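What follows is a single structure, written as structure tokens, with notes after it.
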Amino acid sequence: MKIVSIFLLIPFLILSCNLSPSDGSSGGGGTGDGTLTVYVAGSYNNGSYDVACYWTDNGTVVRTDLSVATAKDSGATDIFVDGLGSIHVSGYYTNASDVEVAVYWKDGVISSDLGVNARATGITVDSGSSVYVSGYYYNGTISNKAVYWIDNGSTGETVLHSGDYARASDIQLDGSGGVYICGVSSSQLGAYWIDNSAGEEFLSGSAGSNAEGVYYYNGKAYFAGRYFTSSPAVNSAAFWVEGVITEARLNTIAGQAYGIWAGVDGIYVAGDYYNASISGRRAAVWLNDASGQADLAGEISTYPTTAYSVMVENGDVYASGTQTQPGTTEAVYWKNGILQVLESGTTSIGIAVFLVP
């Protein structure tokens with residue numbers, strides 16, 4: 001699953017939470033059907049700072065805060081539930097020196113620091129319970145090194161690309177020992193890596209392009225992001241398929257794709273684009289190509305929305321993101337286009353969705 005390097009489009013989010021139930025949930029009955037649990041990782045603001053958290057919905061929405069040692073901003077960026085039911089969440093927190101630190105949580109226990117002046121962006125786990133986390137280092141203003149970490153009892157770091165703008169946005173495994181990571185190079189090109197820096201490949205587009213989400217299915221990796229060229233001027237939400245050098249452009253009105261899922265039902269991509277009728281951005285899920293665009297509205301249909309992640313189960317399409325309300329932006333998800341608010345009345349964001357049947 002993917003998750004977002006949001007710093008390109010919206011302010012940095014920082015969260016801090018513990019994997020025990022929070023003091024309250026974000027609302028009453030959800031849209032869960034009793035046989036499937038929806039997990040959404042993100043953050044909310046408690047009035048003083050941003051708090052990393054995740055929400056679950058299996059009929060009722062419940063928020064779980066993820067704790068850190070400081071009462072400062074922290075954030076959750078991705079979530080993965082393994083076959084044993086353990087919940088893994090990637091993210092970061094702000095330490096006592098006001099420096100951000102990349103971490104992950106497993107069942108409420110925070111890992112040792114993965115990197116200082118760094119953020120973790122994506123997480124996945126193999127069948128042997130080794131944890132893989134994508135991320136990047138940055139100087140407080142701009143990313144400058146794309147990396148991933150493996151925790152298999154001891155933590156190791158693999159540097160993928162160094163230089164200003166370099167970052168890793170998401171991570172997936174191919175089931176045969178291969179590690180796929182997507183992101184951006186120091187030339188501001190969308191890129192992906194297989195295992196290490198020697199496996200670097202660039203996606204189509206020029207400087208200003210990016211790759212934000214990766215999904216591996218049936219022998220191929222699929223990447224979501226933005227295709228950009230200045231001549232001719234094109235700025236489009238797009239996806240790429242491993243082995244195919246051209247992009248599939250989805251929406252060229254300032255479009256940006258963040259999350260991707262592929263399976264027998266097709267290729268689903270989540271993101272947003274500029275919608276002139278609302279003078280703001282509109283969340284969308286695309287199926288296979290630009291003709292399969294489905295807009296995702298909030299409770300006030302003329303207000304902006306954004307979708308950051310998408311997953312499909314039994315033909316049902318789930319996308320996580322935000323809706324804008326008067327005075328705030330709220331974490332939400334959509335099931336087949338039907339909205340579920342996760343944190344009503346509180347500034348919050350739902351970044352990554354994960355489904356457990």
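The values are calculated or read from the model by the stated rules, or taken from the named source; none is laboratory data. Here the structure is a predicted model, which means the values were calculated and not measured. Quick reminder, even Gly has a Cβ in these numbers, built from the backbone with ideal geometry, and neighbours come from all protein chains shown. Please note that ligands, DNA and RNA were not included when accessible areas were found on the heavy atoms of the full protein model with its side chains. Shrake-Rupley method; radii C 1.70, N 1.55, O 1.52, S 1.80 Å.
What is the one condition in (1) open to solvent by 10 Å² or more (accessible area, probe 1.4 Å); (2) within 30 Å of residue 48 (Cβ to Cβ); (3) within 17 Å of the chain's Cα centre (by Cα) that residue 352 does not satisfy?
All conditions are met except number (1).
For residues in the range 112-126 being at pLDDT 95 or above and farther than 18 Å from residue 40 by Cα, which is nearest to the chain's Cα centre (by Cα)?
We begin by selecting, within the range 112-126, every residue at pLDDT 95 or above; these are 113-126.
Applying the additional criterion that residues be farther than 18 Å from residue 40 by Cα yields 113-119, 126.
Numbers: 113: 20, 114: 19, 115: 19, 116: 21, 117: 20, 118: 16, 119: 13, 126: 19 Å.
This residue is 119.
For every residue, the table says whether it meets (1) within 25 Å of residue 50 (Cβ to Cβ); (2) of a type in the set (Asp, Glu).
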position	(1), (2)
106	yes, no
109	yes, no
119	yes, no
129	no, no
144	yes, no
157	no, yes
161	no, no
169	yes, no
177	no, no
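Could you look through the range 130-151, keep only residues that are among the polar types (S, T, N, Q) and at pLDDT 95 or above, and pick out the one that is surrounded by the fewest Cβ atoms within 10 Å (Cβ to Cβ)? Can you show your working first?
Keep residues of the range 130-151 that are among the polar types (S, T, N, Q), which gives 130, 134, 139, 141, 143-144.
If we keep only those that are at pLDDT 95 or above too, we end up with 130, 134, 143-144.
Numbers: 130: 13, 134: 35, 143: 26, 144: 18.
Result: 130.
Quick check on the range 98-129: of everything there that is within 13 Å of residue 76 (Cα to Cα) and of a type in the set (D, E, K, R), which residue is surrounded by the fewest Cβ atoms within 10 Å (Cβ to Cβ)?
106
Keeping to the range 152-170, report how many residues are buried (at least 20 other Cβ atoms within 10 Å of the Cβ), among the polar types (S, T, N, Q) and in contact with a Phe, Trp or Tyr (Cβ under 7 Å, 6 or more places away or on another chain).
0
Would you tally the residues in the range 48-98 being within 17 Å of residue 116 (Cβ to Cβ) and over 20 Å from the mean Cα position of the chain (by Cα)?
8
Got at least one residue in the range 242-254 being surrounded by 22 or more Cβ atoms within 10 Å (Cβ to Cβ) and more than 14 Å from residue 289 (Cα to Cα)? Walk me through how you get there before you give the answer.
Initial filter on the range 242-254 (surrounded by 22 or more Cβ atoms within 10 Å (Cβ to Cβ)): 247, 250-251.
Going one step further and asking which of them are more than 14 Å from residue 289 (Cα to Cα), we end up with none.
No, that holds for no residue.
Here is a yes/no grid of residues against (1) of a type in the set (A, V, I, L, M); (2) at negative phi:
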position: 220; (1), (2): no, yes
position: 250; (1), (2): yes, yes
position: 275; (1), (2): no, yes
position: 279; (1), (2): no, no
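Could you check the range 323-347 and list, in sequence order, the residues that are open to solvent by less than 10 Å² (accessible area, probe 1.4 Å) and either without any contact (Cβ under 8 Å) to a residue 12 or more places away in the chain or part of a strand (DSSP E or B) (or both)?
323, 330, 331, 332, 333, 334
In the list 61, 40, which residue meets the criterion of being farther than 19 Å from residue 134 by Cα, outside any loop (DSSP other than H, G, I, E, B), of a type in the set (A, V, I, L, M) and modelled with pLDDT of 95 or more? Explain how you work it out, then say what you get.
Details: 40 fails: farther than 19 Å from residue 134 by Cα.
The match here is 61.
Taking the range 289-312, which residues are surrounded by 15 or more Cβ atoms within 10 Å (Cβ to Cβ), over 19 Å from residue 354 (Cα atoms) and touching a residue at least 40 places away in the same chain (Cβ under 8 Å)? Spell out how you get there, then give the answer.
The initial filter retains those residues of the range 289-312 that are surrounded by 15 or more Cβ atoms within 10 Å (Cβ to Cβ), namely 290, 292-298, 303-312.
Add one more test, that the residue is over 19 Å from residue 354 (Cα atoms), and what stays is 290, 292-295, 297-298, 303-305.
Result: 290, 293, 294, 297, 298.
Keeping to the range 187-209, report how many residues are in contact with a strand residue (DSSP E or B) (Cβ under 6 Å, 6 or more places away or on another chain) and not in a strand (DSSP E or B).
The qualifying residues number 10.
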